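The structure under discussion appears below in the form of structure tokens.
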Amino acid sequence: MGRLAVFMILLILGTSGTLAQQDSTRQFSEMKITGLSVLIAYNGFGNQTMELGIARNTFGMIGHHPYADAQFISCELTRNNGWIIGPKIGAWVGGGAAGMALGINGIYYTNFNEYSVRVRPELGVGFGKWKAVYGYNIPLNNSDMVGVNKHNFTFARLILFNVLIEEFK
């Protein structure tokens, strides 16, 4: 039941900024908003983690094609035979007609007795302020650390709290 509740919350947060079809007579132009956002995410495959962070992101439209990018600092947190935290730095881009999202993350997992540094490339879908991606954790050291997934699915949402730049052309 817990996984279903988390999924439903992320689904609601992920669709809160969607729009219906626009008028076909509208002239398309460029719109871009850059701001600071709170990043919330759910990561899972074997071990489930929650993530909280801050991001600088840009999202907008070129014609009728959405695009987005984000650079962030966050922390993954899980409890698996003790607490494991993973301070993380990363970036992702997404959008276009297919909504493809590509990202890269550097993560330092620790349970305060041992640590593992991982690089996680990601591939999936992402529009505007959300993404759903698959990632593979590539260990740079200590590949045997218990509680860290090799494969990862991430559902992330950015909640804009401060607009830095607004451009409309």
**Prompt:** Which value, in debye to the nearest 20, describes the size of the charge dipole of the range 88-169 about its Cα centre when Lys and Arg Cβ atoms bear +1, Asp and Glu Cβ atoms bear -1, and nothing else is charged?
**Reply:** 140 debye
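Can you give the charge dipole size of the chain about its Cα centre, rounded to the nearest 20 debye, using +1 on the beta carbon of Lys and Arg and -1 on the beta carbon of Asp and Glu? List each step's numbers first, then the result.
Details: 13 positive and 10 negative charges, 29 e Å.
With Lys and Arg at +1 and Asp and Glu at -1, about 140 debye.
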**Request:** Mind checking the full-extension length gain between Leu4 and His65? Use 0.36 nm per residue of separation minus the Cα-Cα distance, one decimal, nm.
**Result:** 18.8 nm
**Request:** Name the residue, out of Leu158, Leu11, Leu123, whose mean-square fluctuation peaks in a Gaussian network model built on the chain with Cα pairs under 10 Å.
**Result:** Leu11
**Fill in**
A correct Stokes-Einstein calculation for the range 90-169, using the alpha-carbon Kirkwood radius, 4 °C and 1.567 mPa s, returns a whole-number D in µm² s⁻¹ of 91 µm²/s
**Prompt:** Got the relative contact order for the range 36-169 handy, in percent, Cα pairs under 8 Å and 6 or more residues apart?
**Reply:** 24 percent
**Item:** Option label - mean projected area of the Cα convex hull in nm² computed here, alternatives [x] 9.7; [y] 31.3; [z] 10.4
**Value:** [z]
**Top positive-direction residue, dipole computed over the chain with Cβ charges, set Asn57, Ser116, Leu164** = Ser116
**Message:** Rounding to the nearest 10 and keeping the result within 0 to 90°, find how far the Cα-based axis of helix 2-15 lies from the longest principal axis of the chain.
**Reply:** 30 degrees
**Message:** How compact is the range 50-115 by the rule of thumb for globular proteins, expressed as Cα Rg over 2.2 N^0.38 Å?
**Reply:** 1.43
**Asked** Taking the chain as a Gaussian network, Cα atoms linked when under 10 Å apart, which of Asn137, Asn152, Asn113 shows the biggest mean-square fluctuation?
**Response** Asn113
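Values quoted throughout were computed directly from the atomic coordinates according to the rules given, and no laboratory measurement underlies them. Being a predicted model, the structure only gives us computed values, none of them experimental. Virtual Cβ from ideal backbone geometry, glycine too; neighbours counted across all protein chains shown.
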